[in-house]
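**Student:** Before we start, here is the structure in question, set down as C-alpha cells.
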Amino acid sequence: MIEEKYAPHAIEKKWQQYWEDHKTFKTEIDKNKPKSYVLEMFPYPSGNLHMGHVRNYSIGDVVARFRTMKGFNVLHPMGWDSFGMPAENAAIQHGIPPKKWTLDNIANMRRQQKAMGLSYDWDREVTTCKEDYYRWTQWLFELFYKRGLAVKKRSSANWCDTCGTVLANEQVIDGKCWRCGHEVVKKQLDQWFFKITDYAEELLDDLALLKGWPERVKTMQRNWIGKSEGLEFSFDVPSLHEKLAVYTTRPDTIYGVTFVVVPPEHPLVEKLLKDNPKEKELRAFCDKVRNTSDIERTSSESEKVGMYTGVDCIHPLTGHKVHIWITNYVLYDYGTGAVMGVPTGDQRDWMFATKYGIEKIITLQPKDQVLSLDTMDHAYEDHDGVLVNSAQFTGMEMNKAMGAIIDYMEEKGLGKRKINYRLRDWLISRQRYWGAPIPIIYCPKCGEVLVPEDQLPVRLPEDVKFGDGSMSPLATSEEYLHCTCPKCGGPARRETDTMDTFICSSWYYLRYTDPHNEKAPFSKEANAYWGPVDQYIGGIEHAILHLLYSRFFLKVLRDAGLVDYDEPFTNLLTQGMVLKDGGKMSKSVGNVVSPEEILAKYGADTARLFILFAAPPERELEWSDQGVDGSFRFLNRVWRIVYHFEKVLAQQVTSYDTAKLDDADKDLRRALHATIKKVSEDVEERFNFNTAISSMMELVNAMYAYKDAKKEPNAGLIYETVKNLLLLLAPFVPHITEELWHGVINEKTSVHAQKWPAYDPAAIKVDNVEIVLQINGKNRDRLTVPAAATKADLEKLALADEKIKKLIGTAKVLKVICVPGRLVNIVAR
RNA sequence: GCGGUAGUGGCGGAACGGCAGACGCGCUAGCCUCAGGAGCUAGUGGGGGUUGACCCCAUGGAGGUUCAAAUCCUCUCUACCGCACCA
C-alpha cells in the first residue's frame with residue numbers, strides 16, 4: 001500500500017532511520033566478493049554544505065549504490081579534513097577555540113549529509129584534527145624523516161609586522177596584509193620540506209599507469225612536474241674568483257648570450273654587493289624585488305627591471321665579457337637560480353635588453369629567411385631554423401646544434417647535460433596553531449631529535465596566544481615549548497611549526513580501510529583488501545596539488561613496505577563547479593543557494609536528482625531553481641503512475657507470455673529494456689547521469705502513453721516495468737524508490753539490496769528503421785527500410801526512390817555511401 | 001604570464017565523424033478545476049513558403065581536411081580552473 005500523494009519529508013526521515021537502525025551501509029571485509037572502494041574527497045568543515053559538496057556526494061552515492069547492486073562489496077566512507085586556517089581565524093576574530101569551532105561545524109555538516117541519504121559507513125568516519133588521527137600523521141612524518149625525505153631548508157614566508165604573523169598567499173592582497181592593510185614583507189625562516197623532487201621521475205612516469213584518469217589532469221601534472229633536458233655550465237667571475245652556474249634548455253643559442261641575470265635571492269648576490277660602489281642602491285632594489293610573487297616575476301606582461309651590478313663574467317666559448325644583472329624576472333628556485341640572457345632567442349630577454357640597451361646577437365634564424373636586427377621587433381622563439389654567428393656551429397640545424405653544443409661543452413669540460421624539473425620540494429612547515437605538530441625536539445646537546453613513537457601524539461596545547469609576534473602560536477605555550485630531550489634527558493625545546501594540512505589529506509584514504517587501528521596508521525591486511533581506491537571523485541581544482549601529494553605519499557609508503565601498489569587512485573572523476581547566474585556561488589556575490597533550504601523545500605531525492613540531471617559531472621553546472629521544480633515534478637509523475645497501477649501490481653502477476661503482446665505492450669517493453677541498457681551503460685561506463693535520468697524520464701512518459709492506450713493493462717508487463725524502473729532509479733533517488741518498493745513490490749526487502757537489472761536484447765530489436773537519403777551531403781528524403789538491410793540493398797533502394805531519381809536528373813552518380821541503419825549519401829555531379 | 005578546460009535554441013543540456021537541438025526548464029494554446037505556483041494534451045531554433053508539402057540558414061569567429069564536421073586540424077575571441085602557505 002502506498003499513499004496517494006508523494007510526501008518526501010516523511011518518507012526520507014523514515015528510511016534514513018531505517019538504514020541507520022539496520023546498519024544497511026556497514027562494510028566488512030568479505031573475501032568472497034569483489035571489492036570496490038568509492039571515495040569522494042572529504043570536506044573541510046566550514047560549517048555548512050554548499051552545492052559543490054551536494055554534487056560531489058550525489059555522484060559518489062550513485063556510483064556506490066550502483067556497484068553494490070552490481071554485486072561488489074563497496075567501501076564508501078566519509079570524514080573531515082579538519083585542520084586549517086579558518087578555525088584559527090575564528091579563534092582570532094571571535095575568541096572561539098579552534099577545536100570547538102571545528103567539532104561544532106562537523107556535527108552540523110554530518111547532520112546535513114545524513115539528511116541527503118548518503119550510503120556511508122559512518123563507523124569509519126575519520127577526523128584529521130583528532131588525536132587518534134594526527135598521531136599517525138606525526139608517525140608518518142617520522143617515517144619520512146627516517147627515510148631522509150623530511151629536511152630543513154631556509155626559505156621565505158610572507159610576514160606582516162603589524163599583526164606579528166606569517167601570512168598565507170591568499171591572505172596577501174595586492175602585497176598588503178588582508179587584516180591590517182600593512183605592507184607584507186618576505187621573511188627568511190628555517191622550514192621543513194618533504195623531498196617530493198626525489199620522486200619527480202616516478203611521479204611523471206607512472207602517469208602512464210593511470211588509464212582511468214582524465215587526460216587533462218595527467219597533462220596538468222606532467223606540465224607541473226615540468227621535466228626538461230638541457231645544459232648546465234658556468235661563467236667565470238674573475239673579480240670574485242667565483243663561478244656562476246646557469247641552466248638552459250636552449251644551448252643552441254649560447255653564442256647569443258650578451259648578459260647574465262640573477263634574482264636577489266641568489267647565493268652569489270652577497271658577494272656581488274660586497275665592496276660594490278653601488279651597494280646601497282642595489283640593496284634597495286633587491287629588497288623591492290624580493291617581495292614580488294612568482295607569477296609577477298614570470299609574467300611576460302609585467303615590466304622587466306634590473307640593475308647592472310658592475311661585475312662581469314666571461315663567456316666560456318667566446319671569452320667575451322658579459323655583464324651580470326640583478327633582475328625581477330627569474331626564479332631563484334628553478335635550475336641553478338641564474339639564467340643566461342639571449343635577447344634574440346627569448347622574448348623576456350629581448351624586452352630587457354631593449355630597455356637597457358644591451359647588445360643583441362642573432363644566432364638562429366628560419367631556414368628560408370635572413371633576420372636582421374634592423375627589422376626585428378621581437379625575439380625569434382621558434383624551435384626550428386639554422387644557426388648563424390655561432391663559430392663552428394654556424395650553418396647547423398637547430399635540433400642538431402643542441403646536441404652538438406652540449407657534446408662539445410662536455411668534451412671540453414665546460415658543462416654537462418642536465419635534467420631539470422620545475423617541481424619544487426614541498427614546503428610543509430606552517431607557523432600556525434591548528435595543524436598537526438611536527439614531532440621534533442631541539443636539544444642543545446643532541447641537536448634535532450625525533451619524538452619517540454611511543455610518545456606520540458605530540459598534543460596541541462590549549463594555552464596559546466595568537467599574533468603576538470612569535471613565529472608560531474605554539475611558541476607561546478611554555479608548557480608545550482619546554483620539554484626534555486628523549487636522548488640525553490636534558491632540557492630541550494619543541495619544534496613550534498605544524499604541518500601543512502595537505503599532509504593530513506595525503507593519506508586519509510588509507511586510514512578508512514582500518515580506521516580504529518591503535519597500533520599502526522592502518523593494517524597491511526585491511527589495506528591489501530580495500531586498496532587502492534577504485535573510484536575517486538572530487539573537484540577539478542585539486543587536479544595538481546592534492547592529487548600529486550597523495551601520489552607521492554603512497555609511493556613513499558610503498559617503498560617503506562606499508563602498501564604493495566603504486567598509485568592510490570585507480571580511476572578519477574573530476575567534477576565541475578556549481579555556478580549560479582554564470583558565476584561561482586559566493587557570499588560576496590550573494591548568489592548562494594543553500595542546500596539546507598532545498599532539502600527543506602523539496603527533500604533530498606529532488607535535490608540529488610536535479611544536481612545529477614542538470615549537467616554531466618565533469619562540466620560546470622548552472623543552478624536553476626526552476627530546474628529543481630522540474631525534478632520534483634518528475635518524482636511526482638513517478639509516484640502517480642505507480643499509484644495508478646497499484647491495484648494491478650497488487651495482483652503480483654510477475655510474468656507474461658511474450659507471444660501474446662500487442663503493439664502497445666511491445667512498445668512499452670521495448671522502452672523498458674532500452675532504458676535498462678541505456679542507464680546501465682551511462683552509469684557504469686561514462687558517468688553520464690544526466691542522460692541516464694533523461695532516458696528514465698522517457699520511460700515514464702512511455703508508461704503514461706501506455707496507460708492511455710490500454711484500458712486493460714498487461715499485469716505482468718506492468719509489474720516488470722515498475723519493478724525495473726524502481727531498481728534503475730534507486731541509486732539516484734534512494735528514498736522514494738525504497739518507499740514504493742516496499743509499497744508495491746516487496747515489503748520485506750530493501751530496494752538497495754537488489755541486483756541491478758539486466759536487459760533482454762531480443763526486446764530491443766526493431767524490424768524496420770528509418771534512414772536518411774542524402775545527395776551531396778544534403779538531406780533529401782527519408783526511407784523506412786528493414787533493419788537488416790545490407791549496403792547493397794540500401795544502395796538499390798535509394799537509387800530507386802522517386803524523389804531521389806527526380807533530384808539527380810541528368811547528373812552523374814559518382815559514388816554512393818551507405819551506412820546501414822543511418823543513411824545513404826549519393827555523390828552526384 | 002604559464003599550464004589546463006569549455007563555448008550548441010530564451011535557459012540547462014542531447015548528438016560512435018553520419019537526420020543538430022533527445023530530456024528538462026520556460027513560453028503558447030486547449031482541456032480539467034470553485035480555485036491553482038496542481039494535473040493532462042498539443043505546439044515551440046531562425047527565415048521563407050502553397051503554413052502537417054517543401055526550400056534556405058544555423059553549433060563563439062575565420063580558414064582547412066572529408067562524400068559527410070558541433071565533433072578532426074590551424075589561427076582567433078571569450079569565459080572558467082590551477083599556479084606551490086585556501087582547502
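**Student:** Testing A:Y255 on (1) modelled with pLDDT of 90 or more; (2) farther than 29 Å from A:A401 by Cβ, one condition comes back false. Which one is that?
**Tutor:** All conditions are met except number (2).
**Student:** Another question, then. Filter the stretch A:179-200 down to the residues that are more than 19 Å from A:T292 (Cβ to Cβ) and either touching a residue at least 24 places away in the same chain (Cβ under 8 Å) or touching a Pro at 6+ places or on another chain (Cβ under 8 Å) (or both) and list them by number.
**Tutor:** Listed by number, the residues that qualify are A:D190, A:Q191, A:W192, A:F193, A:F194, A:K195, A:I196, A:T197, A:D198, A:Y199, A:A200.
**Student:** Can you tell me which residue is nearest to A:K243 (Cα to Cα) among those in the stretch A:375-427 that are within 16 Å of RNA strand B (Cβ to nearest atom) and of a type in the set (S, T, Y)?
**Tutor:** For the stretch A:375-427, the residue satisfying everything is A:Y421.
**Student:** Looking at the stretch A:38-61, which of the residues that are among the aliphatic types (A, V, I, L, M) and more than 10 Å from A:M109 (Cα to Cα) is nearest to RNA strand B (Cβ to nearest atom)? Steps first, answer last, please.
**Tutor:** Here is the first cut: in the stretch A:38-61, the ones among the aliphatic types (A, V, I, L, M) are A:38-39, A:41, A:49, A:51, A:54, A:59.
Keeping just the survivors that are more than 10 Å from A:M109 (Cα to Cα) gives A:38-39, A:41, A:51, A:54, A:59.
On the way: A:V38: 20, A:L39: 15, A:M41: 8, A:M51: 13, A:V54: 15, A:I59: 14 Å.
The qualifying residue nearest to RNA strand B (Cβ to nearest atom) is A:M41.
**Student:** Also: Failed condition for A:D349, given (1) outside any loop (DSSP other than H, G, I, E, B); (2) closer than 21 Å to A:A391 by Cβ; (3) more than 15 Å from RNA strand B (Cβ to nearest atom), with all others met?
**Tutor:** The one condition A:D349 does not meet is (3).
**Student:** Which residue is surrounded by the most Cβ atoms within 10 Å (Cβ to Cβ), if the candidates are limited to the stretch A:797-829 and must be outside any strand (DSSP E or B) and in contact with a Lys or Arg (Cβ under 7 Å, 6 or more places away or on another chain)?
**Tutor:** A:I804
**Student:** Test A:I771 against the stated conditions and say whether it is under 30 Å from A:T658 (Cβ atoms), surrounded by 14 or more Cβ atoms within 10 Å (Cβ to Cβ), under 48 Å from the mean Cα position of the chain (by Cα) and more than 14 Å from RNA strand B (Cβ to nearest atom).
**Tutor:** Taking the combined requirement at face value, the residue does not satisfy it.
**Student:** Give me the pairs, please: first residue somewhere in the stretch A:100-116 and farther than 17 Å from A:R608 by Cβ and of a type in the set (F, W, Y), second residue anywhere and modelled with pLDDT under 95 and in a helix (DSSP H, G or I), beta-carbon distance under 8 Å, and either six or more positions apart or on two chains.
**Tutor:** Taking only residues 6 or more apart or on different chains, the pairs are A:W101/A:A87; A:W101/A:A90; A:W101/A:A91.
**Student:** Right, something else. Can you find a residue in the stretch A:642-655 that is within 9 Å of RNA strand B (Cβ to nearest atom) and not polar (S, T, N, Q)?
**Tutor:** Within the stretch A:642-655, not a single residue is within 9 Å of RNA strand B (Cβ to nearest atom) and not polar (S, T, N, Q).
**Student:** Keeping to the stretch A:656-669, report how many residues are within 16 Å of RNA strand B (Cβ to nearest atom) and surrounded by 16 or more Cβ atoms within 10 Å (Cβ to Cβ).
**Tutor:** So the count comes out to 2.
**Student:** Oh, and also: Can you report the number of residues in the stretch A:704-746 which are assigned to a helix (DSSP H, G or I) and farther than 16 Å from A:P757 by Cβ? Don't jump to the end; show me each part of the working.
**Tutor:** Taking the stretch A:704-746 first, the residues assigned to a helix (DSSP H, G or I) are A:704-709, A:715-729, A:734-745.
Adding the requirement that they be farther than 16 Å from A:P757 by Cβ leaves A:704-709, A:715, A:734-736, A:738-739, A:742-744.
Looking only at that region, the number is 15.
**Student:** Another question, then. What residue, among those in the stretch A:108-156 that are modelled with pLDDT of 95 or more and among the hydroxyl-bearing types (S, T, Y), is farthest from RNA strand B (Cβ to nearest atom)?
**Tutor:** Result: A:S119.
**Student:** Quick one: A:K5 ticks every box in (1) modelled with pLDDT under 95; (2) assigned to a helix (DSSP H, G or I); (3) basic (K, R) bar one, so which box is it?
**Tutor:** Unmet condition: (2).
**Student:** Six or more apart or on different chains, Cβ atoms under 6 Å: show the pairs whose first residue is in the stretch A:532-551 and farther than 20 Å from A:R55 by Cα and whose second is aromatic (F, W, Y).
**Tutor:** Cβ pairs passing all conditions: A:P532/A:Y565; A:I544/A:W224; A:Y549/A:F502.
**Student:** Could you tell me which numbered condition A:E242 fails, if it satisfies all but one of (1) without any contact (Cβ under 8 Å) to a residue 40 or more places away in the chain; (2) charged (D, E, K, R); (3) within 16 Å of RNA strand B (Cβ to nearest atom); (4) crowded, with 16+ Cβ neighbours inside 10 Å?
**Tutor:** Unmet for A:E242, out of (1) without any contact (Cβ under 8 Å) to a residue 40 or more places away in the chain; (2) charged (D, E, K, R); (3) within 16 Å of RNA strand B (Cβ to nearest atom); (4) crowded, with 16+ Cβ neighbours inside 10 Å: (3).
**Student:** For A:I324, are the conditions met, namely being touching an Asp or Glu at 6+ places or on another chain (Cβ under 6 Å) and either among the small types (G, A, S) or modelled with pLDDT of 85 or more (or both)?
**Tutor:** Here the answer is no, as A:I324 does not meet what is asked.
**Student:** Assess whether A:D368 counts as being within 16 Å of RNA strand B (Cβ to nearest atom), assigned to a loop (DSSP other than H, G, I, E, B), surrounded by fewer than 14 Cβ atoms within 10 Å (Cβ to Cβ) and not basic (K, R).
**Tutor:** For A:D368, the condition - within 16 Å of RNA strand B (Cβ to nearest atom), assigned to a loop (DSSP other than H, G, I, E, B), surrounded by fewer than 14 Cβ atoms within 10 Å (Cβ to Cβ) and not basic (K, R) - is not met.
**Student:** Select, from A:G467, A:G435, the only residue that is farther than 19 Å from A:Y134 by Cβ and in contact with a helix residue (DSSP H, G or I) (Cβ under 8 Å, 6 or more places away or on another chain).
**Tutor:** After applying the criteria, what remains is A:G467.
**Student:** Also, I was wondering about something else. Check the stretch A:775-789 and report whether any residue there is within 16 Å of RNA strand B (Cβ to nearest atom) and part of a helix (DSSP H, G or I).
**Tutor:** Scanning the stretch A:775-789, I find no residue that is within 16 Å of RNA strand B (Cβ to nearest atom) and part of a helix (DSSP H, G or I), so the answer is no.
**Student:** OK, next. Could you list, in sequence order, the residues of the stretch A:488-511 that are among the small types (G, A, S) and farther than 21 Å from A:E448 by Cα? First the steps, then the outcome.
**Tutor:** Applying the first criterion (among the small types (G, A, S)) to the stretch A:488-511 yields A:489-490, A:492, A:505-506.
Matches in the stretch A:488-511: A:S505, A:S506.
**Student:** Hey, another quick one. So, A:V217, is that one surrounded by 14 or more Cβ atoms within 10 Å (Cβ to Cβ), more than 13 Å from RNA strand B (Cβ to nearest atom) and outside any loop (DSSP other than H, G, I, E, B) or not?
**Tutor:** no
**Student:** Which residue pairs have Cβ atoms under 7 Å apart, sit 6 or more places apart or on different chains, and have a first residue in the stretch A:679-696 that is closer than 15 Å to A:W756 by Cβ and among the acidic types (D, E) and a second that is in a helix (DSSP H, G or I) and within 8 Å of RNA strand B (Cβ to nearest atom)?
**Tutor:** A:D682/A:T691
**Student:** Which residues, taken from the stretch A:32-54, are surrounded by 20 or more Cβ atoms within 10 Å (Cβ to Cβ), in a strand (DSSP E or B) and not small (G, A, S)?
**Tutor:** A:Y37, A:V38, A:L39, A:E40
**Student:** For the stretch A:502-595, give me every one of the helices (runs of 4 or more DSSP H) that falls completely inside it and has 2 or more residues that are surrounded by fewer than 23 Cβ atoms within 10 Å (Cβ to Cβ). Spell out how you get there, then give the answer.
**Tutor:** Working: elements: A:508-511, A:524-530, A:545-559.
In the stretch A:502-595, the matching helices (runs of 4 or more DSSP H) lie at A:524-530, A:545-559.
**Student:** Oh, and also: Tell me, which helices (runs of 4 or more DSSP H) wholly within the stretch A:600-675 include 2 or more residues that are without any contact (Cβ under 8 Å) to a residue 12 or more places away in the chain? Talk me through it step by step, then tell me what you get.
**Tutor:** Working: elements: A:604-613, A:625-644, A:646-650.
By residue number, A:625-644.
**Student:** Would a scan of the stretch A:484-494 turn up a residue that is out of contact with any Phe, Trp or Tyr (no Cβ under 7 Å at 6 or more places or on another chain) and either crowded, with 21+ Cβ neighbours inside 10 Å or in a helix (DSSP H, G or I) (or both)?
**Tutor:** no
**Student:** Let me ask something additional. Within the stretch A:577-614, which residues are near RNA strand B (Cβ under 8 Å from one of its atoms) and within 21 Å of A:P734 (Cβ to Cβ)?
**Tutor:** If the condition is that a residue be near RNA strand B (Cβ under 8 Å from one of its atoms) and within 21 Å of A:P734 (Cβ to Cβ), then A:F613, A:A614 are the ones that fit.
The values are calculated or read from the model by the stated rules, or taken from the named source; none is laboratory data. Since this is a predicted model, take the numbers as computed values, not measurements. Don't worry about glycine lacking a Cβ; one is built from the backbone with ideal geometry, like all the others, and counts go over all protein chains shown.
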